[in-house]
Amino acid sequence: MCAMARPRKPLLSTDRIVATARALVDAEGLAAVSTRRLAAELGVSGPSLYNHFRTKDEILEAVADSVSAQVDLSMFEDGREWRTALHDWAVSYRAALRDHPNIVPVLAHGPGRRPAALHLADAVYGAMVAAGWPPAQATSIGALMRYFIMGSALGSFAGGFVDDAGAYDPADYPHLQQAHLLAEQQEKIDERAFETGLTALLDGLAQQYAQVAQGT
């Protein structure tokens, strides 16, 4: 009679470590990630993680890059006009950050050596130069878009208001009598604010682009 084979544990891999760390960050924030906690979640010994990552910071960098990899870059390759491409990219970028808001502080440090983040920066810069923007302005556009998108993901404007009408005494805040209703409309308000800001930003860039095209 053959002995029953023991169930095999899933092999530890870089992708599995990153996915588990990302789930922890999403659920509990950056502080939840430690090698001890990750090892427990993965069902392995702590030292085995060091075959893939030397430090916790390296793990968080990999988590951040896995989020950057979720951003669609196809709009810079399929012939879309530069303004449309920037708009569609910004929407995709914000969607990725909205799904993983707790990793934004790590992403905000810049691309560093992260491959997906560098591909993202390369795609934006290359598309702007190809569209006729001078290199210096193409760099500024990439930075500007990043500031705007990251800022939109760092917090909710509508979510910052409490749903207690008593907190907004008309004697003190005569224009905030409906502010207690903002929180329940948070997603709609934030989406509208993002689109309003993005449209205004792109309108301004379009005016500059017209001047560039005229050589002024």
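The residue list Ala165, Ala127 contains one member that is of a type outside the set (D, E, K, R), touching a Phe, Trp or Tyr at 6+ places or on another chain (Cβ under 8 Å) and open to solvent by less than 70 Å² (accessible area, probe 1.4 Å), which is Ala127. Being surrounded by 16 or more Cβ atoms within 10 Å (Cβ to Cβ) and closer than 26 Å to Asp88 by Cβ holds for only one residue in Gly132, Gly142, and it is Gly142. Restricting attention to the range 180-216, which residues are among the charged types (D, E, K, R) and within 30 Å of Gly166 (Cβ to Cβ)? Across the range 180-216, the qualifying residues are Glu184, Glu187, Lys188, Asp190, Glu191, Arg192. Among the residues of the range 55-93, the one identified as under 17 Å from Ala19 (Cα atoms) and more than 22 Å from the chain's Cα centre (by Cα) is Thr55.
The set of residues from the range 56-90 being farther than 18 Å from Ala138 by Cα and open to solvent by 60 Å² or more (accessible area, probe 1.4 Å) comprises Lys56, Asp57, Glu61, Ala69, Gln70, Asp72, Asp78. For the range 177-208, a residue qualifies if it is open to solvent by 60 Å² or more (accessible area, probe 1.4 Å) and over 20 Å from the mean Cα position of the chain (by Cα), and the qualifying residues are Gln177, Gln178, Leu181, Glu184, Gln185, Ala200, Asp203, Gln207, Gln208.
Of all residues in the range 91-124, which are of a type in the set (Gly, Ala, Ser), over 19 Å from Asp26 (Cβ atoms) and surrounded by fewer than 16 Cβ atoms within 10 Å (Cβ to Cβ)? Steps first, answer last, please.
Going residue by residue through the range 91-124, those that are of a type in the set (Gly, Ala, Ser) are 92, 95-96, 108, 110, 112, 116-117, 121, 123.
With over 19 Å from Asp26 (Cβ atoms) added as a condition, the list becomes 110, 112, 121, 123.
The answer is Gly110, Gly112.
Within the range 43-61, residues that are among the basic types (Lys, Arg) reach partners that are in a loop (DSSP other than H, G, I, E, B) with beta carbons closer than 7 Å, at six or more positions or on different chains, in the pairs Lys56/Val33; Lys56/Ser34.
The values are calculated or read from the model by the stated rules, or taken from the named source; none is laboratory data. Not measured: the values here are computed from a predicted model. Cβ atoms come from the backbone with ideal geometry, glycine included; neighbour counts cover every protein chain shown. Protein only, heavy atoms only, side chains kept; ligands, DNA and RNA dropped before computing areas. Shrake-Rupley method; radii C 1.70, N 1.55, O 1.52, S 1.80 Å.
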